[in-house]
1. How would you rank 204-216, 114-126, 34-46, 137-149, highest first, on the average number of other Cβ atoms within 10 Å across their residues?
2. With viscosity set to 1.567 mPa s at 4 °C, what whole-number translational diffusion coefficient in µm²/s follows for the range 104-217 from Stokes-Einstein and a Kirkwood radius over Cα pairs?
3. Could you pull out which residues in the range 85-115 have an amide N less than 20 Å from a spot 7 Å beyond the Cα of Asn32, following the Cα-Cβ vector?
4. Do the sum for the chain: with -39,500 (n - 2.57) for every DSSP H run of n ≥ 4, divided by all residues, what is the mean residue ellipticity at 222 nm, to the nearest 500 deg cm²/dmol?
5. Send over the Kirkwood Rh of the range 1-114, from the inverse of the averaged 1/r over different Cα pairs, rounded to one decimal Å.
6. Within the chain, what is the number of lysine pairs with alpha carbons under 20 Å apart, leaving out pairs fewer than eight places apart on the same chain?
7. So for the range 92-217, averaging the separation of alpha carbon pairs under 8 Å that are six or more residues apart and normalising by length, what relative contact order in percent results?
8. Please report Rg over Rh for the chain, where both radii come from the alpha carbon positions and Rh follows the Kirkwood definition.
Amino acid sequence: NIYAVDGSLLATSLPTYVVGLDPTVAKQEYFNNKKDSLGLLLSRIFGDRSARDYTDMVTDARSHKRRYVPLNRRRVTFEERQMMRKWPFFRSTAKVAARGGVLRPYYERYHPFDQMAERTIGNLDVRTGRGLMGLEASFQPALAGKNAVGLVEVLSGGVRKPVEDGPDMKPEKGMDLYTTIDVNYQDMAETALRSALEKYNAAKGCVSVMEVSTGEI
């Protein structure tokens, strides 16, 4: 995370999840008993197909022994993920692993104040996840942490199915960055600068605000 001087959140990473299923994992009795419930729940959360369509899709995939099937192109939110972990096929406990359900995470950068201080905060390359400019680029190694070493199984058609990671394959969390940016002064400075740019039809401009007793920018 990147924070303002008062602790306000300026940038963070929010996860979304791709929903998939290995229909071959569950035993036949469990699959038969739970497939209709799964179809109904998928229809409710995505709203693009009927419950029967989803049930038929996973049944067909199991009959053809497909090891992994993406259930929908839309990624679900963290809140939806927490709900789905209570569903058939996705539910797991200390004694029972999830019966084929897969929730694969992707992380996207989010700025609560939208474009405020965006040149200073910077942004990430959507393809590589590396910082392009600003604090995101300058503090890239600290903010990013370290990726995990994960295992995937490449199935027919190039579909990648994540394999359960062991305890030695966990990522290292990135560090937080606390800045001297004051969101109130930042808002006033940007408003004044934007007004001047429009008044003089200027191509670009810059404003710096310093706390003279400390030199903080």
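1. Numbers: 204-216: 9.2, 114-126: 15.2, 34-46: 17.7, 137-149: 13.6.
Highest mean packing first, the order is 34-46, 114-126, 137-149, 204-216.
2. Values: Rh = 17.7 Å.
Calculated translational D: 73 µm²/s.
3. Within reach of a label on Asn32, which here means backbone N under 20 Å from a point 7 Å along Cα→Cβ, the range 85-115 contributes 88-89, 99-100.
4. Values: 7 runs with 70 residues, N = 217.
-9500 deg cm²/dmol, from helical runs alone.
5. Working: mean 1/r = 0.0644 Å⁻¹.
When all Cα pairs of the range 1-114 are included, the Kirkwood radius is 15.5 Å.
6. Pairs that pass both the separation and distance tests number 15.
7. Once normalised by length, the contact order is 15 percent.
8. Working: Rg = 23.5 Å, Rh = 20.9 Å.
A ratio of 1.12.
Laboratory data are not the source of any read-out in this text; all were calculated from the coordinates shown. Fair warning: this is a prediction, and the values are worked out from it, not measured in the lab. Backbone-built Cβ (ideal geometry, glycine too); neighbour counts: all protein chains shown.
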